[in-house]
Amino acid sequence: MRGHLDGLLLAVLESGPLHGYAIIAAVQRRSGGVLELRTGTIYPALNRLERLGLLTSSWQADGERRRRCYELTDAGRRTLAGERTAWSEFTTAIGSVLNPAAPPGLTT
């Protein structure tokens with residue numbers, strides 16, 4: 001997960017603002033239960049992304065409870081697009097090494 005946390009957080013926030021636990025649940029749900037983020041990991045990352053201008057946050061009431069909700073900025077959307085491009089290039093390169101196709105004209 002190291003190196004990909006920012007992209008994961010930005011991706012789940014693309015559809016709209018969420019509070020921390022909802023972000024954790026969205027990553028877990030979208031990964032089919034494979035990825036489980038911890039609060040000790042997510043909140044420092046969310047704060048860092050906000051300092052970088054990729055997210056904004058605001059307090060919202062949920063009944064009697066207040067929760068900080070995070071939302072993508074325009075810069076966050078641009079960064080997410082770049083993360084997706086980089087991920088696609090990375091997975092294509094790794095896939096080419098792990099599952100090489102036979103060069104054209106060669107048969108086995």
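The values are calculated or read from the model by the stated rules, or taken from the named source; none is laboratory data. Keep in mind the model is a prediction, meaning the values are calculated, not measured. FYI the Cβ positions are ideal-geometry reconstructions off the backbone, even for glycines, and counts take in every protein chain you see. Heavy atoms of the whole protein, side chains included, go into the accessibility calculation; ligands, DNA and RNA do not. Shrake-Rupley method; radii C 1.70, N 1.55, O 1.52, S 1.80 Å.
A few notes on this one:
- Checklist (1) touching a strand residue (DSSP E or B) at 6+ places or on another chain (Cβ under 8 Å); (2) open to solvent by 60 Å² or more (accessible area, probe 1.4 Å) applied to Arg67, failing item: (2)
- Summed over region 71-85, residues that are touching a Leu at 6+ places or on another chain (Cβ under 7 Å) and either under 15 Å from Leu8 (Cβ atoms) or among the basic types (Lys, Arg) (or both) total 5.
- Looking across region 1-30 at every residue that is among the small types (Gly, Ala, Ser), open to solvent by 30 Å² or more (accessible area, probe 1.4 Å) and more than 17 Å from Leu52 (Cβ to Cβ), the one that is modelled with the lowest pLDDT is identified as Ser15.
- Residue in region 56-68 that is closer than 16 Å to Val12 by Cα, under 16 Å from the mean Cα position of the chain (by Cα) and at pLDDT 95 or above present: yes
Condition check ((1) in contact with a helix residue (DSSP H, G or I) (Cβ under 8 Å, 6 or more places away or on another chain); (2) free of Cβ contacts under 8 Å to residues at least 60 places away in the same chain; (3) assigned to a helix (DSSP H, G or I); (4) of a type outside the set (Phe, Trp, Tyr)) across all residues:
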residue	(1), (2), (3), (4)
Asp6	yes, no, yes, yes
Ile23	yes, yes, yes, yes
Val27	yes, yes, yes, yes
Gly32	no, yes, no, yes
Ala45	yes, yes, yes, yes
Arg48	no, yes, yes, yes
Arg66	no, yes, no, yes
Leu80	yes, no, yes, yes
Ala101	no, yes, no, yes
